[in-house]
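As structure tokens, the structure follows; a few thoughts come after it.
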Amino acid sequence: MRYLFFTNTPAHVHLYKHAVRTLREGGHDVLVLARDYTCTVDLLEWYDLPYEIYGRCGTTKGSLLSRLPAHYARAIRLALRFDPDLVVGMGGYAAHTGAVIVTPTVLFIDSEPASFDHTISTPFARAVLTPNTFQKDLGERHYVFSGFKECAYLHPDVYEPNPSIRDRLEIGRDESYVILRLNAFGSQHDVGKAGISGDDRHRIVDRLSDDATVFVSDEGGDADLEGLPARPFDLHPALMHDALSEATLLVADTQTMVTEAALLGTPAIRSNSFVGDDDMGNFVELENHGLIHNVTSAQEIIERSSAILESETVDEVWQRRRDEFLSDRENLTDVIVDVATAHGRVDELESVRQFDGDVASEPSRSVGIGSD
């Protein structure tokens, strides 16, 4: 069979990379249609995946909107030339391309706030798959799996840490370090949302640097951290998960990397304007299991960070929580491969079930540092 995967962001490359390899090893033809956005192409090259570029855009919303017509035109042209049997993606590009070329499409979705994208994409899909923590009904073709999309590449069955990462970071074996991840907020679902502000960034870096080396990963490239006790994260982006796995703490106003840290057993503090009563189900679930903290202010970040950095048992506690959490979660790569080889007809797959409104977890009080 012939499979066409859409990777619109770097996270999508990670989501599909192992499935693409497995399908190719099984004798199938696979092509990745990629949007040249931040480090997406760097990752495709690093993992040696077969790809074509359907368009480019920067980290601003205007950059994307102005280029949408050209993106669609090229994506459809490339898809027609490849002539796939199944299209796999996460939103409008995949769904609409599949509809135009009259090819079944499977969507993997994990963000409840992206309502507009759901409205314009899900009607064109043969199946829509989400984590079982997803709290929104996407219709009769909505199915769920146990886990998160990050389980496709950070599940213990597929991820092995890089033992050389501390040398690459020039960090001592017993030296604590923190990663501060700053989001560009350039996606469609980020409209009206915000993260850690400039002044708060300074306060946070100053406090974190008292107990650890601070690395800053700035997606937008516009953070003014001159003169602050912090170093840029300047390794290849494919090494970020290895850096996360060894980090003492992640502080972030983004989404994906917080989940990634949790699945690696690294404490994470998340702060942005998505946090609140209507937060996404996966972050509620992770906080309920004591793997992350969702907060709304710089002061809360500082207080939570201090408690984690000063704890002598944090590594042991978080690894235990992580192992317990992942013990009954699916290796999503296996699910993607099963869905693909079933041509998107998922009713008889044991690894998924139809959405029934029964989400995996309800909000509860956050678990503390050592209160298992």
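Here the 3J(HN,Hα) profile of the range 113-129, calculated from phi with Karplus coefficients 6.51, -1.76 and 1.60 at θ = phi - 60°, is x, 7, 4, 4, 5, 4, 4, 8, 10, 5, x, 9, 9, 5, 8, 10, 10 Hz, Gly and Pro shown as x. Residues within the reach of a label modelled at residue 323 (point 7 angstrom out along Cα to beta-carbon, backbone nitrogen below 15 Å), restricted to the range 260-285, are 264-266. With each label modelled as a point 7 angstrom along the Cα→C-beta vector, the residue 277-residue 73 pair spans 4.7 nm. For the pair residue 2 and residue 115, the difference between a 0.36 nm per residue extended length and the Cα-Cα distance amounts to 37.7 nm. Label the range 165-325 by shape, choosing from rounded, prolate and oblate, from the square roots a ≥ b ≥ c of the eigenvalues of the Cα gyration tensor; if a/c is under 1.5 it is rounded, and otherwise prolate applies when a/b is larger than b/c, oblate when it is not. Rounded shape, in that the Cα axes give a/c under 1.5.
When you count, for each residue, the other Cβ atoms within 10 Å and take the mean per peptide, how do 175-181, 135-141 rank with the highest first? Working shown, then result.
Numbers: 175-181: 21.3, 135-141: 15.0.
Ranking the peptides 175-181, 135-141 by packing returns 175-181, 135-141.
The residue 80 and residue 164 beta-carbon pair, evaluated with R₀ = 45 Å, returns a calculated FRET efficiency of approximately 0.55.
Only helical DSSP H runs with n ≥ 4 go in: add -39500 (n - 2.57) per run for the chain, normalise by residue count and round the 222 nm mean residue ellipticity to 500 deg cm²/dmol. Show your work: numbers first, answer last.
On the way: 15 runs with 139 residues, N = 372.
Taking each H run of at least 4 residues, the total per residue is -10500 deg cm²/dmol.
With a Förster radius of 45 Å applied to the beta-carbon distance between residue 174 and residue 296, the computed FRET efficiency rounds to 0.85.
Shown is the FRET efficiency for residue 231 and residue 347, computed with R0 = 45 Å from the Cβ-Cβ distance and rounded to the nearest 0.05: 0.35.
For residue 108, the residues 5 or more places off, or on other chains, whose built amide H falls under 5 Å of its own are 89, 90, 129. Farthest toward the positive end of the dipole of the chain, out of 254, 54, 119, is the Cα of 54, where the dipole comes from beta carbon charges about the Cα centre.
Beta bridges assigned by DSSP with both partners in the chain are antiparallel in approximately 5 percent of cases.
For the pair residue 310 and residue 24, label points projected 7 Å from Cα toward Cβ lie 5.0 nm apart. Working note: Karplus 6.51/-1.76/1.60 with θ = phi - 60° gives the range 235-245 the couplings 7, 4, x, 5, 9, 4, 5, 5, 5, 4, 5 Hz, where Gly and Pro are set to x. Taking a point 7 Å from the Cα of residue 338 along the Cα-to-Cβ direction, the residues of the range 128-158 with backbone N closer than 19 Å to it are 128-134, 141-158.
How long are the semi-axes of the equivalent ellipsoid of the chain, defined as square roots of 5 times the Cα gyration tensor eigenvalues? Whole Å, largest first. List each step's numbers first, then the result.
On the way: eigenvalues 223, 101, 79 Å².
Three semi-axes, in Å: 33, 22, 20.
Which listed residue (100, 31, 227) has the Cα farthest towards the positive end of the charge dipole for the chain, taking +1 on Lys and Arg C-beta and -1 on Asp and Glu C-beta about the Cα centre? It is 100.
Taking amide hydrogens as placed 1.01 Å from N in the peptide plane, the amide H of residue 216 sits under 5 Å from those of 180, 231, 233, each at least 5 positions away in sequence or on another chain. Taking amide H positions as modeled 1.01 Å from N, with prolines and chain starts lacking one, the residues under 5 Å from residue 293 and 5 or more places away or on another chain are 268, 269, 270.
Please work out whether the range 85-230 counts as rounded, prolate or oblate from its C-alpha gyration tensor, where a ≥ b ≥ c are the square roots of the eigenvalues and a/c under 1.5 means rounded, while otherwise a/b larger than b/c means prolate and anything else oblate? It comes out prolate by the Cα gyration axes. Per-residue HN-Hα couplings for the range 16-25, Karplus 6.51 cos²θ - 1.76 cosθ + 1.60 at θ = phi - 60°, whole Hz, x for Gly and Pro? Going residue by residue, I get 9, 4, 6, 5, 4, 4, 4, 5, 5, 5 Hz, with x marking Gly and Pro. Projected label points at residue 199 and residue 100, each 7 Å from Cα along the beta carbon direction, are separated by 4.7 nanometres.
Normalised by the number of residues in the range 1-138, the mean separation of alpha-carbon contacts (under 8 Å, six or more apart) gives a relative contact order of 20 percent.
We did not get these values from a lab; they are worked out from the coordinates using the rules stated. Note that the coordinates shown come from a computational prediction; the quantities given were computed from them, not determined experimentally. Every residue, glycine among them, receives a Cβ derived from its backbone with ideal geometry; neighbour counts consider all protein chains shown.
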